[in-house]
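A quick write-up on the structure given underneath.
Laboratory data are not the source of any read-out in this text; all were calculated from the coordinates shown. Quantities reported herein were computed from a predicted structural model and do not represent experimental measurements. Heads up, the Cβs are rebuilt from the backbone with ideal geometry, glycines too, and the neighbour counts pull from every protein chain shown.
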Amino acid sequence: MQVSEGALRKKKFDLKQTGRWFKYKYLLLLRAKGGPSMVATGFSIGLAVEMFTLPTVGLAFFLIFPLVWLLRGNFAGALIGFVFGKIIYVPMAILFNKPVGSLVVPPGFKEYLIHHVPAFLANVLKGSLELIVGGMIVGGVLGLIMYFPIMLLLRLHASRRKDRRRLRKEHQHAMASGLPGDAD
């Protein structure tokens, strides 16, 4: 059985093609339907959910789907926020999630809760109740804080892109009409 050269090329890992694919996906995200607001909303949702997904054994990830739909966010933006949250999770958990959770959760609440839930859930909640509660609060605040800079950066990128396109059109028009311009 003979395999064509084209089929072999398709199976090889090509770093150049991978880079082009990421750039393409990045441009799709920047030009997403609904604009910068939807992408920033999605990013904030992903970041907020990541702040309490680890103590819930990853089950909080499934909250992204309905939240993106309800808040009209961008799913790709939510996944990027989720991955960004994974990068900053450990310092945030140590510095903010656990202390905020211990301030909010009443002292005897763990023991009360453990006696009223199934045993498998009690073991999960026993060690991580402060992280879950603190992560929800800190994640919500962090999501709100990050929404504005992300939206402003995306708007800045869109306006720069618009200006470059306008200048390119003006230059092409000047070249086509024979006017002296920046032809050098």
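Once the other residues with Cβ under 15 Å from the Cβ of GLY73 are scored (Lys, Arg +1; Asp, Glu -1), what is the net sum?
Numbers: positive: LYS33, ARG72; negative: GLU50.
For residues surrounding GLY73, the net value is +1.
Provide Rg over Rh for region 39-79; use the alpha carbon set for both Rg and the Kirkwood Rh (inverse mean inverse pair distance).
Details: Rg = 9.3 Å, Rh = 9.7 Å.
Answer for region 39-79: 0.96.
Distance cut-off 26 Å, Cα to Cα: go down the list LYS25/LYS98; LYS25/LYS86; LYS33/LYS98; LYS33/LYS162; LYS16/LYS162 and report the pairs above it.
Numbers: LYS25/LYS98 36 Å; LYS25/LYS86 21 Å; LYS33/LYS98 38 Å; LYS33/LYS162 16 Å; LYS16/LYS162 28 Å.
In this structure, LYS25/LYS98; LYS33/LYS98; LYS16/LYS162 exceed 26 Å between Cα atoms.
Scale the Cα Rg of the chain by the rule-of-thumb value 2.2 N^0.38 Å and send over the ratio, two decimals. Working shown, then result.
Details: Rg = 24.1 Å, N = 184, 2.2 N^0.38 = 16.0 Å.
Taking the Cα Rg and dividing by 2.2 N^0.38 Å, one obtains 1.51.
Dividing the convex hull volume of the alpha carbon atoms of region 42-133 by its residue count, what do you get in Å³ per residue?
Numbers: hull volume 8.9 nm³, N = 92.
For region 42-133, the hull spanned by Cα atoms encloses 97 Å³ per residue.
How much net charge surrounds PHE96 when only the other residues with a Cβ under 15 Å from the Cβ of PHE96 are counted, with Lys and Arg +1 and Asp and Glu -1? Walk me through the numbers on the way to the answer.
On the way: positive: LYS98; negative: GLU50, GLU130.
Taking every Cβ under 15 Å from that of PHE96, the sum is -1.
Kindly point out which whole DSSP H helices in the chain project their C-alpha atoms 27 angstrom or further along the helix axis while averaging a Kyte-Doolittle hydropathy of -1.0 or above.
Details: long enough: 119-177 (80 Å, 0.35).
Flagged H segments are 119-177.
If packing is taken as the average count of other Cβ atoms within 10 Å, what order do 167-174, 37-44 fall into, highest mean first?
Details: 167-174: 11.5, 37-44: 24.9.
Top of the packing list down: 37-44, 167-174.
Between ARG164 and LEU71, what's the calculated FRET efficiency when r is the beta-carbon distance and R0 is 30 Å? Round to 0.05. Write down the numbers at each step before the final one.
Values: r = 32 Å, r/R0 = 1.05.
The pair ARG164/LEU71 has a calculated efficiency of 0.40.
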